[in-house]
Amino acid sequence: MKSGSKLEKILSAGHFAFTGELGPPRGANLEAIQKKAGHLKGVVDSVNITDNQTAVVRMSSWAASILAIQEGLEPNYQMVCRDRNRLAMQSDILGAYALGIRNMLCLSGDHQQFGDHPQCKGVFDIDSMQLIMAVKEMRDGKFINGQEIDEPPRMFIGAAANPFAEPFEWRVYRLAKKIKAGADFIQTQCIYNMEKMREWVKRARDMGLTEKVYILAGITPMKSLGMARYMKSKVPGMDVPDEVINRLKGVEKKKQGQEGIAMACEQIQEFKEMKGISGIHLMAIEWEHRVPEIAEQAGMLPRPEV
Amino acid sequence: MIVAKRKPFEEIKGLIQGYKKILVVGCGTCVAVCLAGGEKEVGVLAAELRLSQKSEKEPAEFGEATVQRQCDREFLAELDDLVPEYDALLSMACGAGIQFLAERFPDTPVFPAVDTTFIGVNQDVGWYEERCKACGSCVLGMTAGICPVTMCAKSLLNGPCGGTNGSSCEVDPNQPCAWHMIYERLARQGRLDKIIEICPANDWRNQKPQTLIQPGYEERYESGK
Ligand code: SF4
């Protein structure tokens, strides 16, 4: 075992993993975390704790990760390159590990221009590839500068992949780079374009990459037609085909959420069968209370004990 | 070249408020080429300032002078006799020129009339684009002559990120994604192997003030010290 995290145990035992997401509150609001955590406990294997998502200030992801542990969840601690230099990153990783965090997801981060402090200085001292490499080197006992660490933080290392962003042909090579840098698992961007996803997974399989890394397919159920339209036109790197829009258009407004869940469940069924996919990462943004029902409907329950 | 932009007029007026005799100092090199602080712009600014003083009881006076380069001592010397006649200087040079002017005349307050914006190129008349952040460790050989530190909004060395919008950057649909361009140009040249390898963390050499002495000149300055 690299880290001994529950997520690592689930994946290495060959179970189909199921991870969720919890966005920390915009305040020192413990209750908000407890409430969200309550919906996810026992339903997902690990929960991603986002790091100032969309460049909006929120409770720090390591602190919220610790609070998630206290609520009986296993966190997947997200860290972006936008807000910290390599000194701060490495010290946060040491602290996070000492406090019991065992999974990490390494990201570039949304540009600060999208957030609530657009005048701030973006750090980007290192990029997500270099962060993955750093967490791997730290696990092996060395800081970025090559100096020894007395007690290495042994993280299970995650990275993101967007199979849909251009240039498409390059995306699978970038996945290969992330694996080479040290990624143990991948969580993809929200998937709506299944055709493109199938092609990307096929290419990854052909290059032998799915043997080297666990890929968790990213699913975000559409709550409404409005959300689908917003995702299509406003969210960077998102690929929402017209079929998705049309299918939601075909049902009355009240039932669109239910239809979105049905679509998500169909996707999950397909991924369960797809060679090279090791699990699902469910990003039910501000819809945590619906996660148990989605998990149930998608046949993801009960979760295996490891 | 270095590209600058004139400050808003009200801000300039605020900076020089209270001074009675002000010399507007232009620079004949980069800021002249980018139409921000050459002889012509000095004339325009001085005229506007004079006009704005018309209703004052004791209007301030404005002189004009443009030197070839404010970042060069040899040219600043031309101002030695003129400056003592003024009680403030308003420089239209880049940040380096302004500082060198202030260093030469330490008894006279110096104010900036432009904001220095970037090192860039001239796309067309009056249209400039940033190309270099002077990071001190050039990677253009790896990236097909397109700078990811400058042209990528996140300065990624292992791009592209997952936010690309077609071939545009996630921050602006009118800004091409640097890594998309790098990919296309390397593919065209058959050199994609350059970015298959992971590029390690950058050595940011521009994090403290720097001095450069070109090879061959070391001795000259060592003995001078
Ligand atoms: S879209 Fe391209 S240029 Fe913009 S931040 Fe991402 S990699 Fe950089």
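Structure above, values below:
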| item | result |
| --- | --- |
| Dipole axis of the protein assembly as shown (+1 Lys, Arg; -1 Asp, Glu on Cβ), positive-most option in A:Ser61, B:Ile182, B:Cys27 | A:Ser61 |
| Alpha carbon convex hull of region A:6-297, projected area averaged over orientations, nm² | 14.8 |
| Within region B:2-118: Cβ-based charge dipole about Cα centre, in debye rounded to nearest 20 (Lys, Arg +1; Asp, Glu -1) | 380 |
| Length added when fully stretched, A:Lys121-A:Lys272, from 0.36 nm per residue minus Cα-Cα | 50.1 nm |
| Most to least packed among A:134-143, B:6-15, A:194-203 [average Cβ atoms within 10 Å] | A:134-143, A:194-203, B:6-15 |
| Residue mean of other protein chain beta carbons inside 10 Å, B:161-173 | 6 |
| Peptide A:151-161, shielding by other chains (average Cβ, 10 Å cutoff) | 0 |
| Whole-Å distance, taken between Cα centres, linking region B:1-22 and region B:150-204 | 38 |
| Residue-averaged 222 nm ellipticity for chain A, from DSSP H runs of 4+ at -39500 (n - 2.57), nearest 500 | -12000 deg cm²/dmol |
| Expected 222 nm ellipticity per residue - DSSP helices of 4 or more, -39500 (n - 2.57), all of chain B, to 500 | -7500 deg cm²/dmol |
| Cut-off under 5 Å, modelled amide H: who pairs with B:Gly63 long-range | B:Ile22, B:Leu23, B:Val24 |
| Of A:Lys121/B:Lys133; A:Lys202/A:Lys272; A:Lys142/B:Lys194; A:Lys36/A:Lys136, pairs whose Cα-Cα distance is over 19 Å | A:Lys142/B:Lys194; A:Lys36/A:Lys136 |
| Anisotropy class of the protein assembly as shown from Cα gyration tensor, a/c 1.5 cut | prolate |
| Mean Cβ count within 10 Å, highest first, over the residues of peptides A:61-70, B:112-121, A:182-191 | A:182-191, A:61-70, B:112-121 |
| Alpha carbon Rg of region B:2-118, scaled by the compact-globule rule 2.2 N^0.38 Å | 0.96 |
| Fraction of the pair-distance distribution of region A:136-197 above 15 Å, Cα-Cα pairs, percent | 59 |
| Simple spin-label estimate for B:Arg188 and B:Trp204 in nanometres, 7 Å along Cα-Cβ | 3.2 |
| For A:Thr220, distant residues with modelled amide H under 5 Å away | A:Ile191, A:Met283 |
| Residue list for region A:150-165, given a label point 7 angstrom along the Cα-to-Cβ vector of A:Lys212 and an amide N cut-off under 17 Å | A:157-162 |
| Global geometry of region B:135-195, whether rounded, prolate or oblate, following the gyration tensor of its Cα atoms and the 1.5 cut on a/c | oblate |
| Segments B:125-132, A:101-108 sorted - mean Cβ within 10 Å per residue, highest first | A:101-108, B:125-132 |
| Residue order, fewest to most beta carbons within 10 Å, for B:Asp72, A:Asp206 | A:Asp206, B:Asp72 |
| Calculated FRET efficiency for the pair A:Lys41/B:Tyr221, C-beta based, R₀ 56 Å, to 0.05 | 0.25 |
| Choice from B:Arg185, B:Arg205, B:Arg50 showing the highest fluctuation, given a GNM over chain B with Cα pairs closer than 10 Å | B:Arg205 |
| Ranked A:Asp110, A:Asp92, criterion: other C-beta atoms within 10 Å, fewest first | A:Asp92, A:Asp110 |
| Hits among lysines - C-alpha to C-alpha of B:Lys20 under 21 Å, sequence gap 8 or more where chains match | B:Lys7, B:Lys54, B:Lys57 |
| Peptide B:196-206 - average C-beta neighbours from other chains (10 Å radius) | 4 |
| A:Ser233 paired with B:Asp81, simple spin-label distance in nm, labels 7 Å along Cα-to-beta-carbon | 6.8 |
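Bear in mind that the values in this text are calculations on the coordinates, not laboratory data. Predicted, not measured: the structure shown is a model, and the values here were computed from it. Backbone-built Cβ (ideal geometry, glycine too); neighbour counts: all protein chains shown.
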